[in-house]
Amino acid sequence: MKRIAIMTSGGDSPGMNPAIRSVTRTALSLGLEVMGIQNGYQGLLDNEFLPLTALRVSGMNRHGGTFLQTSRCLEFRTPEGQQKGIANLRAQKIDGLVVIGGDGSLRGALELHKQGVPVIGLPGTIDNDIYGTEMGIGVDTALNTIITLVDMIKNTAASHRRCFVIEVMGRGSGYLSIMTTISTGSQVAVVPEFRVNMKSIIEVLHHRFHNNHNNSVIIVAEGVCSGEEFVRRLNEAGQGKIEQEVRLTVLGHVQRGGVPTHFDRLLASRMGEMAVLALTQGERGVMVGQTNGRMQLRDLEDILGKRKDLPADAIRVARNLGIEIGDVAE
Ligand code: ADP
Ligand code: F6P
């Protein structure tokens with residue numbers, strides 16, 4: 001193995017830059033050459049290769065986003081697109097590839113692996129929806145950003161006796177929603193893993209209003225519905241029963257930005273290092289995941305076929321703290 005490549009793909013996440021730095025520095029110290037592929041799978045098809053040096057990745061631990069840039073690329077989903085990508089990798093004499101991204105990007109990596117490209121995946125997504133790792137790169141930073149913003153909104157909720165509905169990201173997962181609700185002391189987590197119980201939510205608001213808690217916060221995961229739709233349904237079901245004004249804040253892409261936290265820098269550094277060691281040791285078609293705090297290699301095909309559940313202890317803690325999270329879906 002002489003030359004490896006690295007790319008970021010799909011939604012960006014804070015910690016991708018530290019991961020690129022770690023892969024690059026580890027590879028260089030093992031005597032390998034490193035090429036960055038710019039703009040995800042689209043850049044692979046467009047031949048956007050960039051030689052990476054120790055200097056080029058210097059200082060990257062403290063930058064959010066991904067300096068290699070990222071994309072969503074329809075063409076790469078097709079067999080023809082994948083063939084084109086493989087031909088470009090061969091022309092650049094790439095002996096191994098590290099892909100950092102969410103489940104879609106890792107599916108792309110699996111396709112490359114099946115067609116003979118030595119690939120290692122790293123979980124880079126704020127949603128924390130990838131089976132086989134306790135944490136994805138970027139989740140911790142996103143949660144810290146979200147709780148800072150929710151704490152701020154709570155000032156206004158308290159001052160104005162309002163109920164705030166706050167929409168957070170999570171295309172198919174309620175992880176950000178439930179963790180935010182616990183950490184900010186909010187009252188309701190609306191998550192795709194459970195059936196929304198509007199009647200209970202209205203009772204929570206009503207009970208609090210009459211028991212010296214005249215403000216409430218509901219954290220809605222976008223995977224259930226938009227915050228706007230949730231407020232519409234809440235107001236409709238709560239007519240005459242909700243005494244306070246319900247207001248909406250959609251946090252949006254601020255959740256994906258910002259300076260990576262210590263946790264994400266360390267996770268990205270450990271995962272990046274492990275990815276290069278694994279490649280040089282002949283591992284292929286695997287993702288570096290974290291289990292009980294330790295780095296482990298997990299088979300890509302296996303993990304992509306499984307759904308990651310919300311952590312059971314988080315559900316228990318939420319329920320024991322009196323958080324309304326809905327009913328178990330049949
Ligand atoms: P994320 O990686 O954040 O989940 P996407 O789901 O948008 O983001 O996936 C990123 C890119 O990965 C897609 O635009 C596409 O190029 C590639 N990809 C996704 N799914 C597949 C698949 N099943 N086969 C091949 N490539 C895929
Ligand atoms: O995959 C992460 C994620 O943040 C999802 O929660 C969200 O639905 C999606 O990306 C939005 O991405 P974009 O707006 O960049 O297409």
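Going through Thr133, Thr156 one at a time, which residue ends up being assigned by TED's automatic domain parsing to the domain that holds Ile100 and at pLDDT 95 or above? It is Thr133. Among residues of region 251-270 that are on the phi < 0 side of the Ramachandran plot, those with a Cβ under 6 angstrom from a residue that is away from ligand 1 (no atom under 16 Å from the Cβ) and charged (D, E, K, R), sequence gap 6+ or separate chain, pair up as Val259/Arg62; Thr261/Asp140; Phe263/Asp140; Asp264/Asp140.
Within region 24-42, one or more residues are touching a Lys or Arg at 6+ places or on another chain (Cβ under 7 Å), assigned by TED's automatic domain parsing to the domain that holds Ala109, in contact (Cβ under 8 Å) with a residue 40 or more places away in the chain and of a type in the set (A, V, I, L, M). Checked against the criterion of being over 19 Å from Ser177 (Cα atoms) and touching a Pro at 6+ places or on another chain (Cβ under 8 Å), the candidates Val259, Val286, Val276 yield just one match: Val259.
The residue that is farthest from ligand 2 (Cβ to nearest atom), counting only those in region 45-92 that are outside any helix (DSSP H, G or I) and of a type in the set (Gly, Ala, Ser), is Ala54.
All conditions but one from (1) under 15 Å from Val99 (Cβ atoms); (2) surrounded by 24 or more Cβ atoms within 10 Å (Cβ to Cβ); (3) of a type outside the set (S, T, N, Q); (4) more than 14 Å from ligand 1 (Cβ to nearest atom) apply to Arg21; the one that does not is (1). Here Tyr41 meets the list (1) of a type in the set (Phe, Trp, Tyr); (2) within 16 Å of ligand 2 (Cβ to nearest atom); (3) not in a helix (DSSP H, G or I) almost entirely, failing just condition (3).
The values are calculated or read from the model by the stated rules, or taken from the named source; none is laboratory data. In this text, all values refer to a predicted model and were calculated from it rather than measured experimentally. Here the Cβ is made from the backbone with ideal geometry for all residues, glycine too, and neighbour counts use every protein chain on show.
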